[in-house]
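Novice: First the structure, then my questions, so here it is.
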Amino acid sequence: GDLAQEVDVLVIGSGPGGYVAAIRAAQLGRSVAIVDKDTVGGVCLNRGCIPSKAIISASERYMGIKEAGEMGIEVSGDVNVNMPKLIEWKNGVVKKLTGGVNSLLKGNGVEIISGEAYFSGPNSLRVVSEDASQTYKFNDVIIATGSRPAELKILPFDGKRILSSTEALNLQEVPKRFIVVGGGYIGLELGTAYAKLGAEVTILEGTKSLLPGTDEALTKMVTRKLKKLGVTVITEAMVQGGENTGDEVVVRATVNGEEKTFSADYCLVAVGRKPNTDELGLEFAGVETDERGFIKIDKQCRTNVEHIYAIGDCAGGALLAHKASYEAKIAAEVMCGMNSVIDYQAMPFVIFSDPEIAYTGLTEAQAKEEGYDPVVSRFAFAANGRALSMNHADGFVQIVADKETKQVLGVQIVGPEASTLIGEAVFAVEMGANAEDIAMTIHAHPTLPETIMEAAEGVLGHAIHMV
Ligand code: FAD
């Protein structure tokens, strides 16, 4: 028995949930320590959002050079992809950001503890690292342990040819052939990036369509572009098994009742994520999880145990970085005696596909379900000067508003920079804005956000650039 160290607030996990919670609690005057077994920054910075967007950007830059001929840009000589260099650049981006998080934590007086944590009681945590182990006693704790890739038993990861997203973000060569099992956003984003870098990509999706759960009007445009990129999308494909044969990976799947075999250099298995709650000793703290292992929380991020909070991926719901950071602020504030409450009404969802998809609030169908009488207004990027001058004019902005009050209930976008454009829409939904608020806001010309203004004019029945 070593002597237990006393800390006021402990945060477990330093992803976009944990590090934000630690900083906010410190800002509110608490004495905070944060534990992680890995580099700070969590999945998001080290092997999620940031590295994937870096690879996507590089693939778009490469594609852009090849497509620039339409705009009169002629490239003489070869344009090549140097994958080790691309990955090294990507790692540099990650390093800048994790270094930044480290400085932010220190700058806010947060103690960083390195090691793997598990509960030894409701007020104590054991932290084990390679060379030491230490018990900590705390007053309050925030669990932000995140999630990890779910494995398919019949096609287990081997880290060589059968990959999780983590390894797929660190390939040292552009695959000649690349199989993606799972047509969710992670599989779709990485599949598209590798297709643009030159791989022959096949996506195997079990359900009827890519991006299950996303409005079909939005996904249709993406499916069309994938076809143009030469990506083979096979839906209702039930993977039965597969193996690494040494020189390649072979995947067997049933498609329309027929057994088919696919082979490639690499296969990415992206079929969902599992919460990191199974090796945390939650039973010693008495914290309840649901049947899938996600920690149950209330509207203030409290677990069933008074002084124990949970946020981010490990608490379920939308497994997104900004949702983790949002809950982080709520949890820290509640822990410090404030009456903050979660409200997901204006949550953005973004998919970095081609074209990008982004949405927030209610779709038309959801609005009807909630008892609204909705009016829908759509404006195409093909009628936007900026989109045309960028040579990216596929897609549209759609506003769902209440017919009577014109309140903006939801916005769906598929098209160029949808990920950025959704910001204005999220703000409108959050503020309870109506279509006139957006329509009467002066939007700079020529810019993509003018499409949101035009769609809002459409709600009012008098768009200028649409008949
Ligand atoms: P995590 O980021 O998972 O962090 C948890 C941390 O806890 C880790 O650092 C881990 O080491 C640590 N930990 C776990 N258990 C212990 C323990 N027992 N002891 C000590 N430390 C422990 N989201 C978006 O919003 N936008 C995107 O574009 C996006 N792209 C993604 C792309 C990919 C390829 C992937 C895999 C994910 C992506 N996500 C994206 C999801 C996003 O990464 C997660 O939602 C987010 O990281 C969750 O944050 P978190 O703080 O809850 O947990």
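Novice: Normalised by the number of residues in the chain, what is the relative contact order in percent for Cα pairs under 8 Å and 6+ residues apart?
Specialist: It rounds to 14 percent for the chain.
Novice: Once the other residues with Cβ under 10 Å from the Cβ of Leu169 are scored (Lys, Arg +1; Asp, Glu -1), what is the net sum?
Specialist: Neighbour charge sum, excluding Leu169 itself: +1.
Novice: Would you mind ranking Val9, Val287 by Cβ crowding within 10 Å, fewest neighbours first?
Specialist: Val287, Val9
Novice: A 26 angstrom limit on the alpha carbon distance is what I want to check against. Which of Lys208/Lys299; Lys53/Lys85; Lys176/Lys274; Lys176/Lys225; Lys66/Lys228; Lys85/Lys228 exceed it?
Specialist: With Cα atoms farther than 26 Å apart: Lys208/Lys299; Lys176/Lys274; Lys85/Lys228.
Novice: Report the one residue of Asn304, Asn102, Cys336 whose Cα lies farthest in the direction of the positive end of the charge dipole of the chain (charges on C-beta: Lys and Arg +1, Asp and Glu -1; origin at the Cα centre).
Specialist: Asn102
Novice: Based only on other Cβ atoms within 10 Å, what is the fewest-to-most ordering of His462, His443?
Specialist: Ascending Cβ contact count within 10 Å gives the list His462, His443.
Novice: For the range 424-439, take each phi angle, set θ = phi - 60°, evaluate the Karplus expression 6.51 cos²θ - 1.76 cosθ + 1.60, and give the result in whole Hz per residue in order, putting x for glycine and proline.
Specialist: Listing the rounded values in order: 5, 5, 4, 4, 5, 5, 4, 7, x, 5, 10, 4, 5, 4, 6, 4 Hz.
Novice: Which Cα, out of Leu229, Tyr185, Ala318, lies furthest along the positive dipole direction of the chain (beta carbon charges, K/R +1, D/E -1)?
Specialist: Comparing the listed Cα positions along the dipole, Leu229 ranks first.
Novice: Less than 11 Å Cβ to Cβ from Ile73, Lys/Arg counted +1 and Asp/Glu -1: what total charge do the surrounding residues give?
Specialist: -2
Novice: Relative to the Cα centre, what is the charge dipole magnitude of the chain, using +1 at the beta carbon of each Lys and Arg, -1 at the beta carbon of each Asp and Glu, and rounding to the nearest 20 debye?
Specialist: Using Cβ point charges on Lys, Arg, Asp and Glu, the chain gives about 680 debye.
Novice: Please work out how much length the chain gains when fully extended from Glu216 to Lys85, using 0.36 nm per residue of separation minus the C-alpha to C-alpha distance, in nm with one decimal.
Specialist: Full extension from Glu216 to Lys85 adds 43.4 nm.
Novice: Continuing with the same structure: Tell me which residues come under 5 Å, amide H to amide H, from Ser147 once H is placed; ignore anything under 5 positions away on its chain.
Specialist: Here Asn276 satisfy the definition.
Novice: Amide H to amide H, which residues 5 or more places from Ser14 or on other chains are under 5 Å from it, using H placed in the peptide plane?
Specialist: The list, which skips near neighbours in sequence, is Gly41, Gly42.
Novice: Relative contact order of the range 327-467: what whole-number percent is it, with Cα pairs under 8 angstrom and at least 6 residues apart?
Specialist: So the answer I get is 25 percent.
Novice: Given contacts defined as C-alpha pairs under 8 Å and at least six residues apart, what's the relative contact order of the range 163-217, whole-number percent?
Specialist: 37
Novice: Could you tell me which residue out of Pro355, Cys49, Gly198 lies farthest along the dipole of the chain toward its positive end? Charges go on the beta carbon: Lys and Arg +1, Asp and Glu -1, centred on the Cα centre.
Specialist: Gly198
Novice: Here's a follow-up. Using θ = phi - 60° and the Karplus curve 6.51 cos²θ - 1.76 cosθ + 1.60, what whole-Hz ³J(HN,Hα) does each residue of the range 165-178 get, with Gly and Pro shown as x?
Specialist: 3J(HN,Hα) across the range 165-178, in whole Hz: 4, 4, 6, 5, 8, 9, 5, 8, 8, 7, x, 6, 10, 9.
Novice: Obtain the nm distance between the two label points defined at Arg252 and Glu430 by a simple spin-label model: each point lies 7 Å from its Cα along the Cα-to-C-beta direction.
Specialist: 5.1
Novice: Assuming 0.36 nm per residue, please report the length gained on full extension of the stretch Ile73 to Thr166 beyond their Cα-Cα distance.
Specialist: The span from Ile73 to Thr166 would gain 29.9 nm if fully extended.
Novice: How large is the charge dipole for the range 1-150, taken about the Cα centre, if only the Cβ atoms of Lys, Arg (+1) and Asp, Glu (-1) carry charge, to the nearest 20 debye?
Specialist: With Lys and Arg at +1 and Asp and Glu at -1, about 160 debye.
Novice: How would Glu111, Glu70 line up from fewest to most surrounding beta-carbon atoms within 10 angstrom?
Specialist: Fewest-to-most ranking of Glu111, Glu70: Glu70, Glu111.
Novice: Need the C-alpha centroid separation for the range 204-269 versus the range 1-69, integer Å.
Specialist: Cα centroid of the range 204-269 versus Cα centroid of the range 1-69: 31 Å apart.
Novice: Between Ser57 and Lys96, with labels modelled 7 Å along Cα→Cβ, what's the label distance in nm to one decimal, could you check?
Specialist: 0.7
Novice: Express as a percent, rounded to the nearest 5, the fraction of DSSP beta bridges in the chain (both residues included) that run antiparallel.
Specialist: If we restrict to bridges inside the chain, about 60 percent are antiparallel.
Novice: Name the long-range amide H neighbours of Val180: under 5 Å, sequence gap of 5 or more, or other chain; modelled H, no Pro or chain starts.
Specialist: Thr202, Ile203, Leu204, Leu268
Novice: Next question. How long is the gain from Lys228 to Ala382 if the chain were fully straight, where each residue apart is worth 0.36 nm and the alpha carbon distance is subtracted?
Specialist: Net length gain for the segment: 53.6 nm.
Novice: Where Lys and Arg each count +1 and Asp and Glu each count -1, what net charge lies around His443 among other residues with Cβ under 11 Å from its Cβ?
Specialist: Here the charged neighbours net out to -3.
Each value in this text was obtained by applying a stated rule to the coordinates, not by laboratory testing. All of these numbers come straight from a predicted model, not from anything done at the bench. Neighbour counts are summed over all protein chains in view; Cβ atoms, including those assigned to glycine, are modelled from backbone coordinates with ideal geometry.
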